[in-house]
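Worksheet for the structure shown next.
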């Protein structure tokens with residue numbers, strides 16, 4: 001049944017319930033929607049420099065300091081909330097591990113470094129003044145390529161220094177993403193998409209139920225935010 005109104009529980013207009021909605025449910029819902037937008041394109045937001053997912057994180061990481069305190073109260077009051085949120089974090093951990101494994105498998109694939117080196121030399125012949133690795137030394141270009149493969153990058157923003165290089169040679173590198181580790185990454189990505197869709201519905205339904213039961217708006221009203 002989740003959080004229930006009773007003699008000692010929250011009342012209509014409860015500030016406690018507002019905290020649950022505004023500081024926990026809404027930020028997590030927005031984060032899950034962002035995750036789904038990235039994942040729909042196959043982008044797990046993996047970063048080579050720290051081997052972490054940039055925009056797919058644990059629930060705790062999506063909340064501000066106050067929200068983390070409110071989360072503790074919410075999961076004790078709302079039956080089943082802890083299990084649902086922990087399930088999300090488990091899928092994130094699995095996806096992060098699969099991304100690291102796929103990244104490492106690409107880097108050690110036979111012929112990968114040579115293929116990147118050849119493409120780099122061709123690129124310099126065409127664009128002698130271009131440095132696709134930007135702030136990174138040239139020897140880290142294979143890592144940039146592997147990162148793009150892990151993130152299923154199609155077209156990179158031209159603000160990215162490796163954008164033109166990737167556009168020219170992406171198809172040449174695609175064969176190196178056909179590894180068992182990459183298949184496992186695709187499986188993990190599919191799992192978290194399904195879990196996120198279910199979590200999104202639960203967050204929306206829970207917010208609606210709490211708003212209706214305790215007569216509070218779904219977000220702070222502008223007149224009361226001043």
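Quick notes on this one:
- Descending semi-axes in Å of segment 110-177, equivalent ellipsoid built from Cα gyration tensor: 16, 14, 11
- Nearest-ten-degree value, helix 163-173 long axis tilted from longest Cα axis of the chain: 80
- Spin-label proximity, residue 93 to segment 181-200 - amide N less than 16 Å from point 7 Å beyond Cα toward beta carbon: 192
- Rg ratio (alpha-carbon, reference 2.2 N^0.38 Å) - segment 57-137: 1.88
- Full extension of the chain between residue 219 and residue 118 yields a length gain of 30.9 nm, computed as 0.36 nm times the residue separation minus the alpha carbon distance.
- What the Cβ-Cβ distance of residue 61 and residue 37 gives, at R0 = 22 Å and to the nearest 0.05, is a FRET efficiency of 0.80.
- Calculated FRET efficiency for the pair residue 79/residue 104, C-beta based, R₀ 30 Å, to 0.05: 0.15
- Distance between modelled label sites at residue 190 and residue 205, nm, 7 Å Cα→Cβ extension: 2.5
- 222 nm mean residue ellipticity, helices alone, for the chain (DSSP H n ≥ 4; -39,500 (n - 2.57); rounded to 500): -19500 deg cm²/dmol
- Set against the labelled values [x] 30, 21, 16; [y] 45, 18, 12; [z] 35, 20, 15, semi-axes √(5λ) of the Cα gyration tensor in Å computed from this structure falls on [y].
- Whole-Å distance, taken between Cα centres, linking segment 172-226 and segment 46-83: 12
- The modelled label-to-label distance for the pair residue 12/residue 135, using points 7 Å beyond Cα in the direction of Cβ, is 5.5 nm.
- Nearest-0.05 FRET efficiency for residue 198 and residue 69, computed from C-beta distance (R0 25 Å): 0.45
We did not get these values from a lab; they are worked out from the coordinates using the rules stated. Keep in mind that this is a model prediction, so the values were computed, not measured. Quick reminder, even Gly has a Cβ in these numbers, built from the backbone with ideal geometry, and neighbours come from all protein chains shown.
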